[in-house]
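The values are calculated or read from the model by the stated rules, or taken from the named source; none is laboratory data. Here the structure is a predicted model, which is why all the values come from computation and not from measurement. As a convention, Cβ positions derive from the backbone with ideal geometry for all residues, glycine included, and neighbour counts pool all protein chains shown. Ligands, DNA and RNA are excluded from the accessible area calculation, which covers all protein heavy atoms including side chains. Shrake-Rupley method; radii C 1.70, N 1.55, O 1.52, S 1.80 Å.
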Amino acid sequence: MSDLKYISEAEILRQRGYIESIRELLTEKQAKTGLPAFAYTKTFGCQQNENDTERINGMLSEMGFVFTDTPSAADFILFNTCAVRDHAEQKVYGTVGSLAPLKKEKPDTVIALCGCMMQQSAVSDEIRKKYRHVDLLFGPHALYRFPENFYNVLTQKGRIFDNAPSDGNIAEGIPVLRSDKTRAWVSIMSGCNNFCTYCIVPHVRGRERSRSPELVLKEVQSLIKQGYKEITLLGQNVNSYCNDLDVDYDFSDLLREIDQMEGDFTVRFMTSHPKDASEKLIRTIAACPHVSRHIHLPFQSGSNRILKLMNRKYTREDYLNLISLAKKEIPGVVFTSDVIVGFPTETEEDFQDTMSLIREVGFDGLFTFIYSPRNGTPAATMDGQIPDDVKGDRYRRLSALQSELSAQANQKLVGQVVTVLVTGQNEKDPSLCNGRTDENKLVHFPGNFQAGTKVNVRIDRALNWGMYGTLAD
Ligand code: SAH
Ligand code: SF4
Ligand code: F3S
C-alpha cells in the first residue's frame with residue numbers, strides 16, 4: 001500500500017476552488033449567449049461506477065451545468081467506462097468514435113472519458129493516437145481532481161490525460177448528485193485485493209481501502225432523513241470492510257448500527273465474496289429487520305478445479321455450506337449470483353458441476369457471463385482457452401436452466417400479497433407501476449403512485465424476469 005493516499009481536506013478545498021472558477025467561466029459565457037451550459041454524462045459498468053458518475057454530476061452541477069439527454073446539445077460530454085469484459089470496452093470505442101463528426105461541427109464541446117477502462121495505459125495510448133477528439137481522460141484514482149483537470153482543458157485548450165498507475169486513494173467531501181430519489185448507493189470501500197485470475201478490477205481500481213465507519217454512518221443517516229427508502233452499500237468485497245483499518249469493527253457491525261437507525265428503509269449490499277462471508281454476517285442479517293433478505297453471492301463456477309484456477313479461495317462445498325446455513329438461519333432468504341462459463345480449460349464435466357450447483361441452490365436470479373480474456377490478468381495467457389462456439393453453447397444451456405428456475409421461484413409467490421417499493425411508472429405501459437419486493441424482484445401492477453411509496457400487491461402471474469400483480473389494499 002505504498003502510495004495509498006487519504007486526500008486532505010485542503011486538497012478537496014483546492015478542487016472546490018476550481019469548481020468556482022469554472023462556474024465563473026460558465027456565467028460569463030451564459031451572459032453572452034443567454035443559454036446555460038449543458039452536460040451529458042453516461043455510465044457503463046457496475047453500481048460503483050454509477051456512484052462515481054453521481055459524484056461527477058455533483059461537481060458538474062455545482063459548476064452550474066444543466067443536464068441534457070442529448071449529446072449533440074451538450075457543451076460537455078462524459079462517458080464513465082467499464083473494463084470488466086471486452087464487450088463493454090468495444091461499446092465505448094464505438095460510442096466515442098461516433099462523436100468525431102459532432103466535435104468537428106462544434107469544436108468547443110469538451111469530450112471526456114473516465115472510469116476503469118481508462119486506467120489501462122494500452123487504452124489511453126489508443127485514445128491518444130486514434131481518438132483525437134477526446135479532450136480529457138482520467139482513471140478512477142483521479143476522480144477527485146476532475147475540477148482542476150477540466151479547468152485546465154477549458155483554459156489551456158490542450159488535451160489532458162490523468163491515469164498514472166496508483167494503489168488508490170480515499171477522497172471525502174465530493175458533492176453527489178443522486179440519480180434517484182428513493183434508492184441510493186453508498187460506497188463503503190474501493191478497490192480489491194483478491195486478484196481472481198480472470199478479473200481486471202484490482203488492476204484498475206487499486207487496493208482495498210475502507211471509508212471510515214463514522215463517515216459511512218453519517219451518510220446513511222442523512223439519506224434516511226432525506227426519505228431514501230433503500231440504501232445499497234457498495235464494495236467489491238463488502239465482507240472485508242475495515243480489514244485495512246486499524247479498528248475492531250467489521251461489516252456486520254456496520255449493518256447492526258445502520259439497522260438501529262430509525263425510519264422506514266431497507267439496506268442492501270453488494271458484493272459479498274463467499275470466502276469472507278461469515279457466520280456472524282448471516283446471524284446479523286437474520287437479526288436485523290432493516291437488512292434485506294436478499295444476498296448476492298457470486299460463486300463463479302461449481303467446479304473445485306476451476307475455482308482453484310480462478311484463485312477464489314473457497315470450494316464448492318464451502319459455498320454450499322454457507323448457503324445451507326443462510327437458508328436455515330434467515331427465513332425467506334433468496335440468493336442471486338454471478339457465474340462465468342468458458343474459463344480456460346473448463347470441460348463439459350466442470351460445466352456440469354456449475355449446472356448442478358445452480359440446481360442445488362435454486363437461485364432467484366443469475367448474472368451469467370461468457371469468460372472474456374483481459375490483458376494483464378493471469379487467465380488471459382493460460383493454456384486451454386475455450387473456443388467461442390463452445391462458450392456460446394454453454395451460455396445458452398445455462399441461461400435456459402436459470403430461466404426455468406427463476407420462473408419456478410417467482411411462481412411460488414402467485415396468490416401471495418407482498419410489500420412492494422414503487423420505483424416509478426412503467427415506460428412501455430404508463431398505466432402500470434414498477435416496484436421491487438424486499439427480495440429485489442420486479443413487479444408490475446396497475447396504479448399511479450409516487451416513487452418511494454410502499455404498497456401491498458397480490459401476485460397474479462409470474463414470469464422468469466418478474467411478476468404481474470394487483471393492489472391488495
Ligand atoms: N467483486 C465482485 C464482482 C465484480 S465484477 C465479486 O467478486 O463478486 C462482476 C462480475 O463480472 C464478476 O462476478 C464475474 O462474474 C464477472 N467477470 C469479471 N471478470 C470477468 C471476465 N474476465 N470475463 C467474464 N466475466 C467476468
Ligand atoms: Fe474481481 Fe475477484 Fe475482486 Fe471481485 S473479488 S472484483 S471478481 S478480483
Ligand atoms: Fe465496475 Fe467495470 Fe470497473 S464492473 S469496478 S466499472 S471494471
For the stretch 72-88, state whether one or more residues are modelled with pLDDT under 95 and outside any helix (DSSP H, G or I).
-> no
Residue that is nearest to ligand 3 (Cβ to nearest atom), among those in the stretch 249-278 that are at pLDDT 95 or above and charged (D, E, K, R) | ARG268
Of (1) within 20 Å of ILE12 (Cα to Cα); (2) within 15 Å of ligand 1 (Cβ to nearest atom); (3) of a type in the set (Phe, Trp, Tyr), PHE150 satisfies all except one. Which?
-> (2)
When you go through PHE367, PHE449 one by one, which is the residue that is open to solvent by 50 Å² or more (accessible area, probe 1.4 Å), within 22 Å of the chain's Cα centre (by Cα) and of a type outside the set (Val, Ile, Thr)?
-> PHE367
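For the stretch 179-193: of the residues being surrounded by 18 or more Cβ atoms within 10 Å (Cβ to Cβ) and more than 15 Å from ligand 3 (Cβ to nearest atom), which is farthest from GLN300 (Cα to Cα)? Steps first, please.
Just the residues of the stretch 179-193 that are surrounded by 18 or more Cβ atoms within 10 Å (Cβ to Cβ), to begin with: 182-192.
Now drop any that are not more than 15 Å from ligand 3 (Cβ to nearest atom), which leaves 182-184, 186.
On the way: THR182: 31, ARG183: 28, ALA184: 27, VAL186: 25 Å.
Filtering first and then ranking leaves THR182.
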Kindly list, by first and then second residue, each pair from a residue in the stretch 310-321 that is farther than 13 Å from ALA277 by Cα to a residue that is at pLDDT 95 or above and acidic (Asp, Glu), limited to pairs with Cβ atoms under 7 Å and residues at least 6 apart or on different chains.
-> ARG316/ASP353
Would it be correct to say that ASP86 is within 19 Å of GLU148 (Cα to Cα), within 16 Å of ligand 2 (Cβ to nearest atom) and either among the acidic types (Asp, Glu) or without any contact (Cβ under 8 Å) to a residue 60 or more places away in the chain (or both)?
-> no
Only one of (1) within 16 Å of ligand 3 (Cβ to nearest atom); (2) of a type outside the set (A, V, I, L, M, F, W, C); (3) outside any loop (DSSP other than H, G, I, E, B) is not met by ASN375, so which one is it?
-> (3)
Candidate set from the stretch 204-226 (those that are open to solvent by 40 Å² or more (accessible area, probe 1.4 Å) and of a type in the set (D, E, K, R)); member that is nearest to THR345 (Cα to Cα) = ARG207
So which residues in the stretch 58-88 are open to solvent by less than 50 Å² (accessible area, probe 1.4 Å) and within 16 Å of the chain's Cα centre (by Cα), if there are any at all?
-> PHE79, ASN80, THR81, CYS82, ALA83, VAL84, ALA88
Find all pairs meeting these conditions: Cβ atoms under 6 angstrom apart; at least six residues apart or on different chains; first residue within the stretch 451-472 and under 23 Å from PHE265 (Cα atoms); second residue small (Gly, Ala, Ser) and surrounded by 19 or more Cβ atoms within 10 Å (Cβ to Cβ).
-> VAL457/GLY469; ARG458/GLY469; ILE459/GLY469
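Have a look at ILE330, ILE370 and point out the one that is within 16 Å of ligand 3 (Cβ to nearest atom) and touching a helix residue (DSSP H, G or I) at 6+ places or on another chain (Cβ under 7 Å). Walk me through it before giving the result.
Working: ILE330 fails: within 16 Å of ligand 3 (Cβ to nearest atom).
One residue alone meets the criteria, ILE370.
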Only one of (1) touching a helix residue (DSSP H, G or I) at 6+ places or on another chain (Cβ under 8 Å); (2) within 16 Å of ligand 1 (Cβ to nearest atom) does not apply to ASN243, and that is (1)
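To keep it simple, each residue is scored yes or no on (1) open to solvent by 40 Å² or more (accessible area, probe 1.4 Å); (2) outside the structural domain of PHE335 (by TED's automatic domain parsing); (3) not polar (S, T, N, Q).
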{"position": "PHE195", "(1), (2), (3)": "yes, yes, yes"}
{"position": "CYS199", "(1), (2), (3)": "no, yes, yes"}
{"position": "PRO202", "(1), (2), (3)": "no, yes, yes"}
{"position": "GLN260", "(1), (2), (3)": "yes, yes, no"}
{"position": "PRO274", "(1), (2), (3)": "no, yes, yes"}
Check GLU439, GLU404 and return the single one that is over 27 Å from THR232 (Cα atoms), outside the structural domain of ILE231 (by TED's automatic domain parsing), among the acidic types (Asp, Glu) and in contact (Cβ under 8 Å) with a residue 12 or more places away in the chain.
-> GLU404
With GLU279, GLU349 as the choices, which residue is more than 16 Å from ligand 1 (Cβ to nearest atom), among the acidic types (Asp, Glu), within 16 Å of PHE251 (Cβ to Cβ) and free of Cβ contacts under 8 Å to residues at least 60 places away in the same chain?
-> GLU279
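Taking the stretch 129-170, which residues are among the aliphatic types (A, V, I, L, M) and either in a loop (DSSP other than H, G, I, E, B) or more than 28 Å from the chain's Cα centre (by Cα) (or both)?
Of all residues in the stretch 129-170, those among the aliphatic types (A, V, I, L, M) come to 134, 136-137, 142-143, 153-154, 160, 164, 170.
VAL134, VAL153, LEU154, ALA164, listed by residue number.
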Restrict the check to the stretch 332-345 and report whether at least one residue is over 23 Å from LEU405 (Cβ atoms) and open to solvent by less than 10 Å² (accessible area, probe 1.4 Å).
-> yes
Number of the condition not met by ALA164 [criteria: (1) among the small types (Gly, Ala, Ser); (2) touching a residue at least 40 places away in the same chain (Cβ under 8 Å); (3) under 23 Å from GLN120 (Cα atoms); (4) surrounded by fewer than 22 Cβ atoms within 10 Å (Cβ to Cβ)] | (2)
